[in-house]
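*Asks:* I am attaching a structure below and will ask some questions about it afterwards.
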Amino acid sequence: MIPPDDDTDDFLSDESNIDIITINYSRTEVFVSRACGYKTIYENVTVQIESDEDNWIESIQPPLNSNQSVEDETETHFNLFH
């Protein structure tokens with residue numbers, strides 16, 4: 001498995017169109033049990049795309065409350081459309 005900070009699998013060419021996505025959040029740790037320890041809840045989550053003249057990500061479909069909490073990692077919280 002390649003670590004996330006290893007850029008050997010990244011592909012950039014002269015024709016690349018990079019979009020910059022910013023995700024902001026605050027964290028709260030909640031004690032679950034002695035066996036499980038703590039879990040992290042991400043609160044006030046917002047997602048923004050830096051606008052330029054040639055974005056390939058067209059839109060983000062957030063939930064009704066864009067400052068949402070993320071507790072369940074198996075749910076979809078934001079959809080990015082390109």
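*Asks:* Which residue pairs have Cβ atoms under 6 Å apart, sit 6 or more places apart or on different chains, and have a first residue in the range 23-44 that is free of Cβ contacts under 8 Å to residues at least 60 places away in the same chain and a second that is in a loop (DSSP other than H, G, I, E, B)?
*Replies:* Ile41/Glu71; Asn44/Asn67
*Asks:* Out of everything in the range 24-38 that is closer than 30 Å to Gln48 by Cα and not aliphatic (A, V, I, L, M), what residue ends up being surrounded by the most Cβ atoms within 10 Å (Cβ to Cβ)? Break it down into steps so the answer makes sense when it comes.
*Replies:* Start the filter on the range 24-38 by keeping residues that are closer than 30 Å to Gln48 by Cα, which leaves 24-30, 38.
With not aliphatic (A, V, I, L, M) added as a condition, the list becomes 24-29, 38.
Values: Asn24: 11, Tyr25: 16, Ser26: 11, Arg27: 10, Thr28: 12, Glu29: 10, Tyr38: 11.
Among them, the one singled out is Tyr25.
*Asks:* Name the strands (runs of 3 or more DSSP E) wholly within the range 22-71 that hold at least 1 residues that are at pLDDT 85 or above? Please lay out each step first, then the result.
*Replies:* On the way: elements: 37-49, 59-61, 68-70.
Counting at least 1 such residues, we get 37-49.
The values are calculated or read from the model by the stated rules, or taken from the named source; none is laboratory data. Model, not experiment: these values are computed from the prediction. When we count neighbours, we look across all protein chains shown, and the Cβ atoms used for this are built from the backbone with ideal geometry, even at glycine.
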